[in-house]
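Have a look at the structure below before the remarks.
The values are calculated or read from the model by the stated rules, or taken from the named source; none is laboratory data. Source: prediction; values computed, not measured. Reconstructed Cβ throughout: ideal geometry from the backbone, glycine too, with neighbour counts over all protein chains shown. All accessible areas refer to the heavy atoms of the entire protein, side chains included, with ligands and DNA or RNA removed. Shrake-Rupley method; radii C 1.70, N 1.55, O 1.52, S 1.80 Å.
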There are 2 protein chains.
Amino acid sequence: MKGYLWAPSAATSVKTAQSNWESMAIDAVGNVIEFWGFKRNQGRVWALLYLRDASLTAAEIEKELELSKGGVSMLIRDLERWGVVLRVRVPGDGSWRYRAETDLLQMARRVIEEREFSFIARIRADLAEARKLAEADARVLPEQVERLRKMEAVAEATEKALGVFLKTSRLDVGGMFERFRA
Amino acid sequence: MKGYLWAPSAATSVKTAQSNWESMAIDAVGNVIEFWGFKRNQGRVWALLYLRDASLTAAEIEKELELSKGGVSMLIRDLERWGVVLRVRVPGDGSWRYRAETDLLQMARRVIEEREFSFIARIRADLAEARKLAEADARVLPEQVERLRKMEAVAEATEKALGVFLKTSRLDVGGMFERFRA
DNA sequence: CATATAGTTCAAGGCGTTTTGAACTGCATG
DNA sequence: CATGCAGTTCAAAACGCCTTGAACTATATG
């Protein structure tokens, strides 16, 4: 597994009780991220790590967010794969610690780019294909072909919205440099 | 129930077998619409009616799309409520017929406007609230407040994408006038 | 190497949503 | 007003997705 030795271990005393504003923010992030087709708890784990600006152990995450051992393991695996959470080793400690790496928007962008975008592209291709078949069929009225064309507008609008999301998220590069400061 | 008397009853002979291109297009529409959080079959029913440009009975829809009686009833109710399907009565026929009314984009727009938009707005409000609470708390570091602010970017990007979708869909007014031609 | 602790895996369970189908309602017609 | 068909309703089943937890693996430490 990747992960680098000892990132500075948290702000020493991790106060383990969630303040009110913290859980509010954590849940909010979970909700937006769910909107984009990710798991709510993926967003929550990331948000916890990001807000604390500290490296936490799996056990801590488990306790703070009331998740199961196995669940935390899988959630972290996903976040690591997307590059938004980093696994670090702390010297006098047998266990891994995790910290938020980049902005969550980057993860959303990356995944939407490769997964949703091509999903919509596929749909558009299907509609285009259907139209071609219809055009070749003499029994199909020109009006119907026109309607097929209009249907593509739904897919196009969707694609456009995704595009804006991606573009917007790309503007937020702030997160990229933070890791060098801490 | 609403619905108006005898819209011209279909193109006489409704060829009851789906051509290949037709089911392809129907499924494609079902898929995009599902992306926006509607039911796949809501999209499919609308697409069938729209493509045929004819008024079909519930029984016909049931057969064409392989849905259950009860299912068709409920799907149509939804589509009617959203104003994208119209219920019409044909003189020599004891049953209702249904036809596609406006562009599906309008339905998506309407529902997203009232449901998704406020959902995201609520999330943004939560984040703003969390930040306010954090700012009032002396123990919270300014850095953390800054991170809370950054989190709002995720919600903002989402809101922006929805906005674009809404704007785009509003441009397509073509559907509005068609009903007067048929 | 033995032991303890952290982390992973995955079948089973839980949960929310969608679909089915059978009973029911309502309406038109003779 | 009896009959039959169209349409509606809703409890139960089916389905898909997410989470749990117990067994298992890996790793550190004495």
Response to the item:
Violations at 28 Å Cα threshold for listed pairs A:LYS69/B:LYS39; A:LYS39/B:LYS150; A:LYS150/B:LYS150; A:LYS150/B:LYS160; B:LYS132/B:LYS167 -> A:LYS69/B:LYS39; A:LYS150/B:LYS150; B:LYS132/B:LYS167
Practice prompt. At 1.4 Å probe size, with no ligands or nucleic acids counted, give the accessible surface of B:PHE119 in Å², nearest ten.
Written response: 80
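How large is the accessible surface per residue of segment B:105-173, computed with a 1.4 Å probe and reported in Å² as a whole number?
Details: 3440 Å² over 69 residues.
Solvent-accessible surface per residue comes out at 50 Å².
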Practice prompt. Divide the volume of the convex hull of the Cα atoms of segment B:4-101 by its number of residues and quote the answer in cubic angstrom per residue.
Written response: 89
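Please state the shape class of segment A:58-182: rounded when a/c is under 1.5, otherwise prolate if a/b exceeds b/c and oblate if not, all from the C-alpha gyration tensor. Please list the in-between numbers first.
Details: a/c = 4.64, a/b = 2.76, b/c = 1.68.
Prolate, since a/c reaches 1.5 and a/b exceeds b/c.
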Fill in: Sparse-neighbourhood loop sites, trypsin sites (Lys or Arg not before Pro) in segment B:61-162 - DSSP loop, at most 10 other Cβ within 10 angstrom
B:ARG139
Worksheet item: Scattering from the C-alpha atoms of segment A:105-174 alone, worked out with Debye: what is log10 I(q)/I(0) at q = 0.16 1/Å?
Response: -0.62
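Summed for both chains, how many Å² of accessible area, to the nearest 100, are buried between A and B with a 1.4 Å probe? List each step's numbers first, then the result.
Details: alone 11390 and 11360 Å², together 17860 Å².
The A and B chains share an interface burying roughly 4900 Å².
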Item to complete: Would you kindly find the accessible area of B:TYR98, with a 1.4 Å probe and non-protein molecules such as ligands, DNA and RNA excluded, rounding to the nearest 10 Å²?
Response: 20
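For segment B:31-84, how big is Rg over Rh, using alpha carbon atoms and the Kirkwood form of Rh?
Working: Rg = 10.4 Å, Rh = 11.2 Å.
Here the Rg-to-Rh quotient is 0.93.
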Discussion item. Could you check the spin-label model distance between B:GLU114 and B:LYS63? Points 7 Å from the Cα along Cα→Cβ, value in nm.
Written reply: 3.5
